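Engineer: Here it is, the structure, as structure tokens.
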Amino acid sequence: MRAAAERVIVSQTDERMLVTLGSLLLALGGVPDQSSIDKAVQQTVEKYIKQATVQVGFVIAKSTTNYSEALSSAKTASSTLGLPLKLRDLVPNKKTGLTYPRADCEREVGGYPCYFARGRFDSGSYVSIEHSTAYAEFKPHLFIVVLASGAKNDPMLRTTLEKARKTFPDAYLRTAGVYLGCVH
């Protein structure tokens, strides 16, 4: 995701970067060295990513390294809790944990595999399987069965958690940063 964000920022801000570089030249009285330019670009990217990231709450029923186990739990959660199952055509992938179909990835981001984790403009109570590596605050390399996502203080999260604990006593609520910026 970081690499995609860097490409977007640079491509969308070429004009502003030229102005910024021109300002640098004037301020420094000459041509800045490559490391100064790289540092300025890196700071711009980091600032953009921080501004485009929000805290999202997640109700998680299960975490496992086994996709089949996660899928079984997701189906159980959907049927026992009466929540829709929305797998979004995602399948396991060694590189990204999960991925959308090749045609979708190539159309949306120009490459395969690709994965956009839950939490991007898709709040609500429904069952999905996500890959924990997409969330910096979560333990990596796990398939997580998510029952709800939304603003971190949304009462819907607590309501879903209470309902879930009847079937999944170890269900929990976790907050993580989700990047909402452009991914093209």
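Nothing in this text is a laboratory measurement; each read-out follows from the coordinates by a stated rule. Just so it is clear, the structure is predicted and the values come from calculations on it, not from any experiment. Methodologically, a virtual Cβ is constructed for each residue, glycine included, from the backbone with ideal geometry; neighbour enumeration extends over all protein chains shown.
Engineer: Suppose R0 equals 41 Å. What FRET efficiency, 1/(1 + (r/R0)^6) with r the Cβ-Cβ distance, do Thr76 and Lys50 give to the nearest 0.05? It would help to have the intermediate numbers written out before the result.
Structural biologist: Numbers: r = 38 Å, r/R0 = 0.92.
Step by step, r from the Cβ atoms, then E = 0.60.
Engineer: Here's another thing I want to ask about it. Direction-averaged shadow area of the convex hull around the Cα atoms of segment 54-179, nm²? Kindly include the intermediate steps, with their values, before the conclusion.
Structural biologist: On the way: hull surface 28.2 nm².
Over all viewing directions, segment 54-179 projects a mean Cα-hull area of 7.1 nm².
Engineer: What Kirkwood hydrodynamic radius, in Å, does segment 96-170 give when the mean of 1/r is taken over all pairs of distinct Cα atoms and then inverted?
Structural biologist: Values: mean 1/r = 0.0724 Å⁻¹.
Taking the inverse mean of 1/r over all distinct Cα pairs, segment 96-170 comes out at 13.8 Å.
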